[in-house]
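This report concerns only the one structure given below.
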Amino acid sequence: MTVTQSRTPRLAVWKFASCDGCQLSLLDCEDELLAVADAIDIAYFMEATRGRISGRYDLSLVEGSITTEHDLERIKEVRRRSDFLITIGACATAGGIQALRNFADVAEYTSIVYARPDYISTLATSAPIADHVRVDFELRGCPINKQQLLEVVSAFLAKRKPVTPAHSVCVECKLRGTVCVMVAHGTPCLGPVTHAGCGALCPAYDRGCYGCFGPMETPNTQALSSRLAELGMDQRAIGRVYSTFNTDAEEFREEKERHGA
């Protein structure tokens with residue numbers, strides 16, 4: 001099914017295991033959201049409205065990772081009812097910070113955290129949406145960049161490919177005239193291997209990038225790790241810098257494991 005001229009396209013926004021931050025990025029569009037609402041029917045969006053339109057959806061935005069059997073069943077149903085499915089944020093594209101469980105004993109975690117762990121029904125891993133269903137486009141970030149989100153929705157309406165940056169945070173530093181914190185201050189920074197989208201927020205305040213937007217295209221993580229070692233970080237510390245919001249993104253996971261983390 002494709003979008004036709006006979007009716008306004010239907011948008012659905014879905015939440016799985018996440019903090020809601022990426023959904024809030026859509027609400028943060030404020031004035032721009034009015035234009036989106038004029039061009040598209042918001043058919044399902046529990047963060048913004050209790051109303052819902054049943055049936056099929058032309059575009060689904062999915063936030064959050066798959067962590068339970070119920071999640072798995074529900075995402076398959078969302079995929080069946082959606083013509084286009086776009087994942088938004090680190091949880092949906094890389095399993096999120098909750099994917100740290102993928103490298104630990106989940107039974108041990110639940111026994112420590114919950115008074116009645118026998119009530120907890122969960123999968124052994126926190127997995128990105130693309131591990132379970134076909135995804136048409138991934139929008140990275142923790143949270144996502146609202147302008148990039150608007151670009152993705154606009155591209156869908158115009159039936160074209162979204163134009164989002166493939167370069168690293170380092171390029172954003174140069175564009176805003178921010179001095180490199182690694183060169184100038186010796187501050188560890190993931191900017192050279194991290195996907196652009198935040199506007200180089202942390203380096204602008206003399207802090208290293210934390211990798212919120214996940215790995216850029218073809219990141220040279222080994223070269224960066226060598227530089228981090230030159231700055232005085234040991235093997236365990238280097239592994240830990242890749243173990244945050246996008247810990248289970250393939251390139252970050254491999255580099256983390258290479259350093260024994």
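The values are calculated or read from the model by the stated rules, or taken from the named source; none is laboratory data. Since the model is a prediction, treat every value here as computed from it, not as a measurement. Glycine also receives a Cβ, built like all others from the backbone with ideal geometry; neighbour counts cover every protein chain displayed.
Before moving on, here are some points about what is shown:
- Just so you know, in region 217-231 the residues that are modelled with pLDDT of 95 or more and more than 13 Å from C189 (Cα to Cα) include one that is farthest from the chain's Cα centre (by Cα), and it is Q222.
- Identity of the residue in region 132-174, part of a helix (DSSP H, G or I), farther than 26 Å from L33 by Cβ and touching a residue at least 12 places away in the same chain (Cβ under 8 Å), that ends up nearest to the chain's Cα centre (by Cα): V169
- Against the criterion of being at pLDDT below 95 and β-branched (V, I, T), I129 does not qualify.
- Some residue of region 181-191 being within 20 Å of the chain's Cα centre (by Cα) and free of Cβ contacts under 8 Å to residues at least 40 places away in the same chain: yes
- Top-ranked residue of region 1-41 - restricted to ones that are closer than 19 Å to I144 by Cα and β-branched (V, I, T), ranked as modelled with the lowest pLDDT: V36
- Test: D58 is of a type in the set (D, E, K, R), buried (at least 17 other Cβ atoms within 10 Å of the Cβ) and either more than 22 Å from the chain's Cα centre (by Cα) or under 21 Å from V135 (Cβ atoms) (or both): yes
- Subset of region 138-154 (residues that are surrounded by fewer than 16 Cβ atoms within 10 Å (Cβ to Cβ) and not charged (D, E, K, R)): Q147
- Output for region 179-221, where each listed residue is surrounded by 22 or more Cβ atoms within 10 Å (Cβ to Cβ) and of a type in the set (F, W, Y): F213
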